[in-house]
Structure formats: C-alpha cells, structure tokens
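The values are calculated or read from the model by the stated rules, or taken from the named source; none is laboratory data. Predicted, not measured: the structure shown is a model, and the values here were computed from it. Neighbour counts are summed over all protein chains in view; Cβ atoms, including those assigned to glycine, are modelled from backbone coordinates with ideal geometry. Ligands, DNA and RNA are stripped out before the accessible areas are found, and what is left, the full protein with its side chains, is counted by its heavy atoms. Shrake-Rupley method; radii C 1.70, N 1.55, O 1.52, S 1.80 Å.
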Amino acid sequence: MTTGSLLVADLVIAVLAAAAWLGGGAASAARRRPLALGLAAVALLATLARAITITALARAGWWFAAEKVLIAAPLSLAALGVAGPRLLRAPGDIRAVAVPLLFAGYATSSALLVTILQGYPASAGAGLLAVAGVAAATVISGRALGARPSRTVSRAALVVAVAALLTGTGLTVAPGAAPAVPHDHGLPAARIADEPTRRFTLTAATATVDAGGRNVAAWAFNGQVPGPELTATVGDVVEVTLRNRDIGRGVTVHWHGYDVPNDQDGVPGVTQAAVRPGQEFVYRFRADQAGTYWYHTHSASDVGVRMGLYGVLVVRPGPVTGLDVAVPVHTLAGRPLPAPKVEKVEAGLPVRLRLINTDSTTHRYALAGTAFRVAAIDGVDLRGPTPLVDTAVLIPAGGRYDLVFDAPATPVALFVDGRAVYSTGPVSTATGAWPVLDPLGYGATAAVPWSRFDKTFTLVLDRGLDLRGLLPRYAHTVNGKADPDIPPQVVRRGDVVRFTIVNRSQIVHPWHLHGHHVLVLARDGELAAGSPLWLDSFDVRPGEVWEVAFRADNPGMWANHCHNLAHADAGMTLHLMYS
Ligand SMILES: [Cu+2]
C-alpha cells in the first residue's frame, strides 16, 4: 500500500470512528439499544484499526504521522478508556452510556479536526484546543442529558476546558517570526549590457480568441493564445519588451525553467513591480541554455496564465535540423489547446516534439506509431536515453519533455489525455492502457556531483486553516504556514543545498524552484537510478518524499512554489534567498 493510499485510508477510518462514536451516543440517548451497541462496536473496531494505519504512516515518515501520534492517539486511548469499560458492563439502561460514547465521539472528532485544519507540524496549542473542545462539549452534553456527575467531576472538567482553551489559544495565535520578503534585495543588478541579437515585443491585452472553434474571452500576448513562439540560438542576447495595454491585474514575464539573472525573473513584488496598464518593462538575458522552455505572466499568475498569458521559448544549439515542433498544451475556457495539427512528414526525417504542459495539473502524453526517445526533460538533455515503444509520459504542470524519432513511412500521432494533438496521418491506436515512463529509472546513470550538503531544508506540503490574513482561508501550506508567513530559505553563494519535499496532502503538488535546476537524488527513499534528472518542475504526489539538490549559483531572491498556480496563490509559495 502506498503512503498516499494509507493517508486516505487513515482519514476514512478516522471519520468512520468519529461518526460511529457520535452516532452511538445519540442512539443511546434516544434509548435505541441495538443501534447504539452496533455503532459502538463499529467505533471500537475503527479506533483500534487506526493503531495500524498510524503505525504504518509513522514508519513511512514522522511527517505523515506526527499529530496523529501526539494528539489523535492519546485522545483515542481516552475514548477507549472511558467508553470501553462502560459498554462492557452492559448497562440495564442504555442511556447511561450516552455521555461516555459522546465523549469518545468528541475526542476522535477533535483529533480529526487537528489533522484537517492544522496538519503538520503537531503543536501543543492545537492539542490543548482539542482537549478544551472535548471537555466543553462533554460537559454541555452531560447537562443536556440530565446526567448528574459529582461536583468534583463537573468542576474538574470545567477547569480543564478553560485552562486548555486559554493556553491553546495563546500558543496558537502568538505571533511567530513572520518573515518579510524584502522587495529590494539590494543585490547588484546583473543586467546584461551587450547589444541584443534577438528582439521581441510582447503586448498583453484582453482579447477574444478562438478555442476549439468557439470564441472565448482571453488575456493574450500580441492578440494570440499562446503568445508568439520566441526562439533563439545559444549565444544570443535576447531582449523582450513587455507592454501592458489593459490587464488590470498587472503583467510580468517569467521565463519558466530559464535560469536568468534574478532581476529578469519576472516575479512581481520580488524581482520587479508588476507592469500596470500603459507601462512597459524590458527584459534582457543571454541565451546560454539550449532547450525547451516557456514564458508566462507571474502577476496574478493563476488567473493570468489560465486566461492565456503564456507562450513557448525555445533555444536551439544551432540551425534547425529536421522537423522541430513545439506542442504547448493548455486549457482555455475549458477547451483544450492546441488545435489538432496534421502534417505530412517525409520518411527518415529526424523529428523533435517539444511537449510543454502550461496547465496547473498533470497531462498524459502518448506517441503512437513509432519508437522514440526522451531526449530532454525540462530543457536538459538526458544521458543515454533508450528507445521506448507504446509507453506514455506524464508531464507535470510547467514541465517539458522533448521526444525524438526518425519519421517512419507510416503515420505517427501524439495523443494528450487521449486526444490526437499532432499527427502525420491517421492513427487509430488505443493508448490508454500503456505503461507510464518513470524518468527516475530511464537512461544511463552518472555519479551525483556532491558528497555533502551545506544546507538542508525540509518542505512538508499540506493544507491548513490560515487565520493570519483579513479573512480566514483554508490554505495550501508548507511546514504548517502559508505565504507570506513561510520563513525564507537562506543560502550562501556556492552552497550545495538539499531539499526534502514531503507531500502529506491528498493532492499532487508540482514543485517549481525559480532560477535553478535541481538534481533528483531520491524518491521515497529509493535513489534515482537513471540519467541525471535536472528538473525545474516535478510532481510530488500524495505520500511521496522527494530528495533533490542544487548548487546555489544564481544569487537573488527566488520564488519557490507549487506550480498548480491556484495552490501557489492559496499560500504554497516561499522564497529562496541568498545571504
Ligand atoms: Cu500544489
């Protein structure tokens, strides 16, 4: 069983236990004896079963089980200790067990709330608030049901409730060291003074564009979605003038995967101010990395990219040889882009398909009709890629795969989530059952270039209640905090930095560090066993633990965030900062 399914199973069992205890309590209060005893039996079994799931999660990693071991387990034991013996005594009046059963219900539900609302890391504050809730709810239920506990018991419960509430609240709302992200990091501007050899202008404006045969409202660069394909050759100095005609939320251009100097990175509030309607900003950088990249706005990035402010950036090592096609996949107003393209290709011609996922969720790509190799991922060539046949690839949000093959005499077709997007003729192949390539085991290995790490950071991805803003929100969190309260990761130039990224939530988080490619070391404790993988976008699935590393060689203040841009907007953004 994967850790991801264990997380789901544990949650389902916890909900079942809480519901059964509460239902049992209500049934006994209503003197419905068989129902009460039945539900109590289910609750007992579910509570005991959690011992198994919590132990298994703790073995997978403390991050997955911390609050369950420290808060849920003691509360579950209290539930068993209070309700169990009274049930075993088989009381003549079933109503006598109503309050103990309700107590068990409150104990298990409050622990569940800690997992759902706070998650990792476990805190004394959350534990105490849970205890306060249990004590208060039990006292109220007792009174409502006319149970007459001794004065001592009643007073003790009240004291516990008030003390736990006060201490818990104090610990929870005490201001932490909320880091400020300086807008001006004071580093010298690394602007390239050389004369540009490639010049482009991108004008952002609202537009009506065609998406799958229907006119839809969009935000577009130069009136088109995607924006113009920007191409350069290694060694070019690229200059891009960005103008904003009427995008009220502001616009910037972020060069996704292109490790430009920090002041060219296009992150509003961090590397530049957002470009407002009527304003412009000029980007300039040297094209020294060949490969497949893309660009997109980083201002109100979730809505901005979704509405169409993105395009392809391809840097080639030299003149184009053979057929070289970029396929940027996007969902615009619910319609899949690009429109299907069919072109005849001469047999024997070398073909490179540059697959780009510009959406916020993973897409599945399948190339039918030919053997192919994955020549590059995220713009970086793989070492010793072997031919693949009838194999699909999953590309995370923001990710790129270059597939290469020599055109066969018969047609080939590229399917994205089952839809033919690019083909050289009719192909009717069912690709849905194909196995999926695991890039961690593909290609020829090479030694990791570092044997020790100067800095190590752990990022635990989860959801949690964020009360720090004007309105409470159910945020996507890193180490229990949401942007802008996540402490920056401080490194020094030259440091070898390791990230451990843990996903204890129920959804995929495509991780994206700006300004650097990271080398994948391991996933779920298993060392990467294929070609070195230098990624800028990778899916951390529920229950997964990724170990990645990089050399801090690009000074500045860099966004480090989930590339499901709705998640990034809802808190899952932090910063890597050079001291
Ligand atoms: Cu995410």
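Here are a few things to note about the model shown:
- Whichever lysines have a C-alpha closer than 20 Å to that of LYS68, once near sequence neighbours (fewer than 8 apart) are set aside: LYS481
- Exposure of TRP534 as accessible area (Å², to 10), given a probe of 1.4 Å and all protein chains: 70 Å²
- Cα centroids of the stretch 319-360 and the stretch 1-69: 49 Å apart.
- Cα centroids of the stretch 480-498 and the stretch 200-266: 29 Å apart.
- Antiparallel bridge percentage (DSSP; both residues within the chain; nearest 5): 75 percent
- Residue-wise HN-Hα coupling along the stretch 491-507, computed from phi with Karplus coefficients 6.51, -1.76, 1.60 (Hz; x: Gly, Pro): 10, 10, 4, x, 4, 9, 10, 10, 10, 10, 10, 10, 10, 9, 8, 9, 10
- Computed over protein heavy atoms with a 1.4 angstrom probe, the accessible surface ordering of GLU526, GLU544, GLU67, largest first, is GLU526, GLU544, GLU67.
- Hypothetical label at LEU323: residues of the stretch 364-381 whose amide nitrogen lies under 19 Å (7 Å Cα-Cβ projection): 365-376
- In degrees, nearest ten, helix 73-88 long axis to first principal axis of the chain (Cα): 40 degrees
- Look at the alpha carbon pairs under 8 Å that are at least 6 residues apart: their mean separation over the length of the stretch 404-476 gives a relative contact order of 15 percent.
- Net charge of the neighbourhood of ALA339, taken over other residues with C-beta under 11 Å away and scored Lys/Arg +1, Asp/Glu -1, is +2.
- All other residues whose Cβ lies under 12 angstrom from that of ASN503 are scored, Lys and Arg at +1 and Asp and Glu at -1, for a net of 0.
- Averaged over its residues, the stretch 190-319 has an accessible area of 36 Å² per residue, based on protein heavy atoms and a 1.4 Å probe.
- Cβ-Cβ distance of VAL448 and VAL234, R₀ of 25 Å, FRET efficiency by 1/(1 + (r/R0)^6): the value works out to about 0.45.
- Positive-end residue, the stretch 344-491 charge dipole about Cα centroid, Cβ charges, pick of LEU394, ALA433, GLY369: LEU394
- Computed label-point distance, nm, for sites GLU280 and THR361 using a 7 Å Cα→Cβ extension: 4.0 nm
- Gain in span if fully extended, ALA144 to ARG419, counting 0.36 nm per residue against the direct Cα distance: 93.0 nm
- Distant-in-sequence amide H partners of GLN279 (H built 1.01 Å from N, under 5 Å): ASN244
- Heavy-atom surface of the stretch 394-521, accessible at 1.4 Å and reported per residue (Å²): 41 Å²
- FRET E, pair ARG335, LEU48, Förster distance 35 Å, beta-carbon r, rounded to 0.05: 0.10
- Among ARG199, ARG383, ARG364, ARG316, the sequence by solvent-accessible area, most first, with a 1.4 Å probe is ARG199, ARG383, ARG364, ARG316.
- Carbon + sulfur, % of accessible area of the stretch 320-437 - ligands and nucleic acids excluded, 1.4 Å: 57 percent
- Counting only protein chain heavy atoms and rolling a 1.4 Å probe, the accessible areas of LYS344, LYS455, LYS68 rank, largest first, as LYS344, LYS455, LYS68.
- Separation of alpha-carbon centers, the stretch 381-403 and the stretch 499-567, rounded to whole Å: 17 Å
- For the chain, Kirkwood radius (reciprocal of mean inverse C-alpha pair distance, Å): 26.5 Å
- With the simple spin-label model, which puts each label point 7 Å out from Cα in the Cβ direction, the THR410 to ALA371 separation comes to 1.4 nm.
- Label-to-label distance, GLN224 versus VAL12, with points set 7 angstrom from Cα along the beta-carbon direction: 4.9 nm.
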